[in-house]
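**Student:** The structure under discussion is supplied below as structure tokens; questions concerning it will follow.
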Amino acid sequence: MPASGRNGSGGRRAAWAGLLLYAGLLALIVLWPVPVDRPAAGLLRGVLGALHRQGLPGWIDYGAVEAAANVLLFLPFGLLVGALLPRRRRWLAVAAAVLLSGTIELAQSGFLHERFGTLQDVLANSLGAALGTAASCLPLRRRSG
């Protein structure tokens, strides 16, 4: 029976398909002409305010939620690219994410007048990619049955 796990051809095809889908979604998000959170910003601030009144720590504010969203946004990048690279070269997924994120932030600052790039976004995106890459190194348990 042919291998179809993480390193098998079926796993590689799935990782490539996932990466292509992810790249399309990422392009939509990062090249959208206005901040993608703008429609939900008021609602999110209201929810955070209500949660703060219920005891949520004040440091969990809009900026923290935005940073967490950037970490989550690049987690699939690290996971998918890491899964496609040989184990000893997986660190390249993080390096690629740093370069990609920096390029995205520069493009947003230079070409999208209502968007702006920040070093914080590059750091959060890079952390997400690093976490995803680390996850790609975890062994998968196979089901028997």
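The values are calculated or read from the model by the stated rules, or taken from the named source; none is laboratory data. Everything quoted here is computed from the prediction, not taken from an experiment. All Cβ positions, even for glycine, are placed from backbone atoms using ideal geometry, and neighbour counts span all protein chains on display. Heavy atoms of the whole protein, side chains included, go into the accessibility calculation; ligands, DNA and RNA do not. Shrake-Rupley method; radii C 1.70, N 1.55, O 1.52, S 1.80 Å.
**Student:** Are any residues in the range 1-20 under 19 Å from GLY78 (Cβ atoms) and at pLDDT 90 or above, and if so, which ones?
**Tutor:** Correct list: ARG12, ALA14, ALA15, TRP16, ALA17, GLY18, LEU19, LEU20.
**Student:** Let me ask something else about it. Could you check, for the range 42-64, whether at least one of its residues is open to solvent by less than 80 Å² (accessible area, probe 1.4 Å), closer than 23 Å to ARG13 by Cα and either out of contact with any strand residue (DSSP E or B) (no Cβ under 9 Å at 6 or more places or on another chain) or among the charged types (D, E, K, R) (or both)?
**Tutor:** Checking the range 42-64: not a single residue is open to solvent by less than 80 Å² (accessible area, probe 1.4 Å), closer than 23 Å to ARG13 by Cα and either out of contact with any strand residue (DSSP E or B) (no Cβ under 9 Å at 6 or more places or on another chain) or among the charged types (D, E, K, R) (or both).
**Student:** Filter the range 65-103 down to the residues that are among the hydroxyl-bearing types (Ser, Thr, Tyr) and open to solvent by less than 40 Å² (accessible area, probe 1.4 Å) and list them by number.
**Tutor:** SER101
**Student:** List pairs: first residue in the range 77-98 and farther than 28 Å from THR118 by Cα, second residue of a type in the set (Val, Ile, Thr) and assigned to a helix (DSSP H, G or I) anywhere in the structure, Cβ distance under 7 angstrom, at least six positions apart or on different chains.
**Tutor:** Sorted first by the residue in the range 77-98, then by its partner, the list stays empty.
**Student:** For the range 104-145, which positions are charged (D, E, K, R) and either at pLDDT 95 or above or open to solvent by less than 100 Å² (accessible area, probe 1.4 Å) (or both)?
**Tutor:** Those that are charged (D, E, K, R) and either at pLDDT 95 or above or open to solvent by less than 100 Å² (accessible area, probe 1.4 Å) (or both): GLU105, GLU114, ARG115, ASP121.
**Student:** If I filter the range 92-112 for residues that are more than 13 Å from the chain's Cα centre (by Cα), charged (D, E, K, R) and more than 23 Å from GLY11 (Cβ to Cβ), do I get at least one hit?
**Tutor:** Within the range 92-112 (the criterion being more than 13 Å from the chain's Cα centre (by Cα), charged (D, E, K, R) and more than 23 Å from GLY11 (Cβ to Cβ)), the answer is yes, since at least one residue qualifies.
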